[in-house]
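> Quick one: the structure is below, and I'll ask about it shortly.
The values are calculated or read from the model by the stated rules, or taken from the named source; none is laboratory data. From a predicted model like this one, the values you see are computed outputs, not experimental measurements. Backbone-built Cβ (ideal geometry, glycine too); neighbour counts: all protein chains shown.
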Ligand SMILES: Cc1ncc(COP(=O)(O)O)c(C=O)c1O
C-alpha cells in the first residue's frame, strides 16, 4: 500500500465509525476507483465485485450516462427544499408510477427511512396500530425499521418501537412448520391468519415483508405465497407493504420481485437499485387508495432532503439505463447461467446444502452434512470453515457477502457470462477447500470412534 492509501485508511480509522463493526477490529480497504464489475484497492489490486457493493450497485461502477446526468443536474440546480416542485422529482414520480402500477411516491434518503415512513403512513391510513413483519427479515437500522426487522441485529438495541408482531417465513429448506414440499399446506401463510386472530384483526395496519428476503437467506417463496398473502390482507383490510429495497429494480429481472407473482402491494419501499447507489435515495410508492387518503388528510412526515433534485436526476437516468441497455434481459440470461452453475455446485460439493436464486440474486447455503443439514456455522454466528471460505475469496480478490452459513452471489446486473464464470470458478475453488477440510474432519472423527 502506498503512503497515500495508508493515510486514507488511517484517517478513516481514526476519525470515522464503521457500520456493524467493533471499531478496533475494522480493517477497511481503500477503494481507489471502479469500472463496471470491478474496483481497485490501495495496492492496485483489481477486485471482482460479486456483491454489487451492498447489493445496490446494479449498473456497475462509473457508468458514463449516470456520471453525465448527475453532472448536468449539479450544474443546473443542486438543491431545492422538499416543498418545491422540480423537474427531476416529477419525472421520477411519473416513471415510478408507470413501472410499478402504483400511484404516487414519497421520497426519502434510503431504505430504512422508506420503511419508517411506510409504517407511519399505514397507521395513519388505517387508524390501526400494529405491523406484522417476519423473523428472517431486514428493514433497516433506524429504531423503527430495526424493530420491524427480525434480523438478530435488532437484539442488542431492544426493546424497539411498540406494535411490531413477527411471524415465520417461507423457508422451504428449513420449514419452520416441519413440512416437506409434498406435505406443505402453506402453513407459512395460514399461521399468519392465526396470528392476526390472536392479535385482533382490527388492530393490524399492515404486513411488511421483503419482496424476496435478502440478507436473511434469500428465501424465494413458493409461487402461491404472495397471492395467498394478498388475499389474507384483503380479507382483513390490512395493507400489504413490500420492501423491495434489495429485491427491486432489476435484481430479480423485473422492476419489483412481486411482479413475478402477479400481485400488487398497497405500498412498495425501495432504495438501493433506484439510483444504483450513485446518489442516496429511497422511496415509498403508494397505491391510488393510499394516495387518495392523503389528498384530504395531512401526511405527518417530512425530511429536509425529500425529493433531492440530484438524487432524483440520478434515479431518472438509472431507470433509463435499465431500459435502454436491456439490462433486465441480461439478468434473465445471466441468471439462468448462474442458476445452472449453482445447481452443479450443489451436486458436486458436500458442503452445499441448498442453493436459491432468482435473477442475479442468489445464495449458497452451506452445511456440514447434507443429510442432517447441520449448518456450516450457527444462526447469528460464524465458524472456522466459513472464515476460511471468506478468506479464500478475499485472497483471490473476489468481493462477496457471507454471513452465518451462507454465501451470496449478487453481481452488478451488467455482468457478462465470462466475468460471472471467472468469479464462480473461484467460488468453486473455495467450496472444494471447505468440502475437503470437512471430509478430513469426518474421517478423523470416524478414526477416533474406531
Ligand atoms: C430489504 C432491505 N430493506 C431495507 C434496508 C435498509 O436500507 P438502507 O441501508 O438504505 O437504510 C436494506 C439494506 O440492506 C435492505 O436490504
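> Which count do you get for residues in region 17-40 that are touching a residue at least 60 places away in the same chain (Cβ under 8 Å) and out of contact with any helix residue (DSSP H, G or I) (no Cβ under 6 Å at 6 or more places or on another chain)? Explain how you work it out, then say what you get.
From region 17-40, those touching a residue at least 60 places away in the same chain (Cβ under 8 Å) are 19-20, 36-37, 39; that's our starting set.
Remaining after also requiring out of contact with any helix residue (DSSP H, G or I) (no Cβ under 6 Å at 6 or more places or on another chain): 19-20, 36, 39.
Matching residues across region 17-40 total 4.
> Going by the structure shown, is residue 93 assigned by TED's automatic domain parsing to the domain that holds residue 274 and either within 16 Å of the ligand (Cβ to nearest atom) or part of a loop (DSSP other than H, G, I, E, B) (or both)? I'd like the intermediate steps shown before the answer.
Working: assigned by TED's automatic domain parsing to the domain that holds residue 274: yes; either within 16 Å of the ligand (Cβ to nearest atom) or part of a loop (DSSP other than H, G, I, E, B) (or both): no.
Answer is no for this residue.
> Right, here's the next one. Just need a number here: residues in region 255-297 that are within 16 Å of the ligand (Cβ to nearest atom), within 24 Å of residue 88 (Cα to Cα) and not in a helix (DSSP H, G or I).
Keep residues of region 255-297 that are within 16 Å of the ligand (Cβ to nearest atom), which gives 255-258, 265, 267-285.
Those still in the list that are within 24 Å of residue 88 (Cα to Cα) too: 255-256, 267-285.
Retained after the next criterion (residues that are not in a helix (DSSP H, G or I)): 255-256, 267-271, 275-285.
Here the count works out to 18.
> State all residues of region 144-163 that are touching a strand residue (DSSP E or B) at 6+ places or on another chain (Cβ under 7 Å) and either more than 15 Å from the ligand (Cβ to nearest atom) or without any contact (Cβ under 8 Å) to a residue 12 or more places away in the chain (or both); if no residue qualifies, say none.
Residue satisfying the conditions is 163 alone.
> Would you mention how many residues in region 190-220 are outside any helix (DSSP H, G or I), under 22 Å from residue 116 (Cα atoms) and more than 16 Å from the ligand (Cβ to nearest atom)? Please lay out each step first, then the result.
Just the residues of region 190-220 that are outside any helix (DSSP H, G or I), to begin with: 200, 204-220.
In the following step, the residues that additionally are under 22 Å from residue 116 (Cα atoms) were identified as 204-216.
Then keep just the ones that are more than 16 Å from the ligand (Cβ to nearest atom); that gives 204-205.
Residues meeting the conditions: 2.
> OK, next. Can you pull out the residues in region 123-137 that are more than 12 Å from the ligand (Cβ to nearest atom) and either part of a helix (DSSP H, G or I) or closer than 19 Å to residue 218 by Cβ (or both)? Write out each step before concluding.
To start, the set of residues in region 123-137 that are more than 12 Å from the ligand (Cβ to nearest atom) comprises 123-132, 135.
If the condition is that a residue be more than 12 Å from the ligand (Cβ to nearest atom) and either part of a helix (DSSP H, G or I) or closer than 19 Å to residue 218 by Cβ (or both), then 123, 124, 125, 126, 135 are the ones that fit.
> Is it fair to say residue 114 is part of a helix (DSSP H, G or I), within 19 Å of residue 281 (Cβ to Cβ) and within 8 Å of the ligand (Cβ to nearest atom)?
Working: part of a helix (DSSP H, G or I): yes; within 19 Å of residue 281 (Cβ to Cβ): yes; within 8 Å of the ligand (Cβ to nearest atom): yes.
For residue 114, the condition - part of a helix (DSSP H, G or I), within 19 Å of residue 281 (Cβ to Cβ) and within 8 Å of the ligand (Cβ to nearest atom) - is met.
> Could you please find all residues in region 177-218 being surrounded by 15 or more Cβ atoms within 10 Å (Cβ to Cβ) and without any contact (Cβ under 8 Å) to a residue 24 or more places away in the chain?
187
> Given the options 120, 65, 104, name the one that is surrounded by fewer than 20 Cβ atoms within 10 Å (Cβ to Cβ), within 16 Å of the ligand (Cβ to nearest atom), over 18 Å from the mean Cα position of the chain (by Cα) and in contact (Cβ under 8 Å) with a residue 40 or more places away in the chain. Write out each step before concluding.
On the way: 65 fails: within 16 Å of the ligand (Cβ to nearest atom); 104 fails: within 16 Å of the ligand (Cβ to nearest atom).
One residue alone meets the criteria, 120.
> Now for a different question. With respect to residue 140, is the statement that it is outside any helix (DSSP H, G or I), within 13 Å of the ligand (Cβ to nearest atom) and more than 24 Å from residue 31 (Cα to Cα) true? First the steps, then the outcome.
Numbers: outside any helix (DSSP H, G or I): yes; within 13 Å of the ligand (Cβ to nearest atom): yes; more than 24 Å from residue 31 (Cα to Cα): yes.
Yes, satisfied.
> Right, next: Looking only at residues in region 222-249 that are assigned to a loop (DSSP other than H, G, I, E, B) and surrounded by 24 or more Cβ atoms within 10 Å (Cβ to Cβ), which one is farthest from the ligand (Cβ to nearest atom)? Can you show your working first?
If we filter region 222-249 for residues that are assigned to a loop (DSSP other than H, G, I, E, B), which is where we start, we get 222-224, 237-238, 244-249.
Narrowing the set further to residues that are surrounded by 24 or more Cβ atoms within 10 Å (Cβ to Cβ) leaves 238, 244-249.
Details: 238: 20, 244: 8, 245: 3, 246: 4, 247: 7, 248: 9, 249: 12 Å.
The extreme case among them is 238.
> Given the options 318, 297, name the one that is over 13 Å from residue 282 (Cα atoms) and surrounded by 14 or more Cβ atoms within 10 Å (Cβ to Cβ). Steps first, please.
Numbers: 297 fails: surrounded by 14 or more Cβ atoms within 10 Å (Cβ to Cβ).
Every option except 318 fails the conditions.
> I'd like to check something: does region 206-228 contain any residue that is more than 23 Å from residue 257 (Cα to Cα) and at pLDDT 95 or above?
Taking region 206-228 first, the residues more than 23 Å from residue 257 (Cα to Cα) are none.
Among the residues of region 206-228, not one is more than 23 Å from residue 257 (Cα to Cα) and at pLDDT 95 or above, which makes the answer no.
Here's the yes/no breakdown for (1) within 22 Å of the chain's Cα centre (by Cα); (2) without any contact (Cβ under 8 Å) to a residue 24 or more places away in the chain; (3) farther than 30 Å from residue 63 by Cβ:
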| position | (1), (2), (3) |
| --- | --- |
| 312 | yes, no, no |
| 316 | yes, no, no |
| 331 | yes, no, no |
| 336 | yes, yes, no |
| 345 | no, no, yes |
| 365 | yes, no, yes |
| 370 | no, yes, yes |
| 373 | no, no, yes |
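> Related question: Scan region 3-14 and give yes if some residue there is in the same structural domain as residue 293 (by TED's automatic domain parsing), more than 16 Å from the ligand (Cβ to nearest atom) and out of contact with any strand residue (DSSP E or B) (no Cβ under 9 Å at 6 or more places or on another chain), otherwise no.
No, the conditions are met nowhere in region 3-14.
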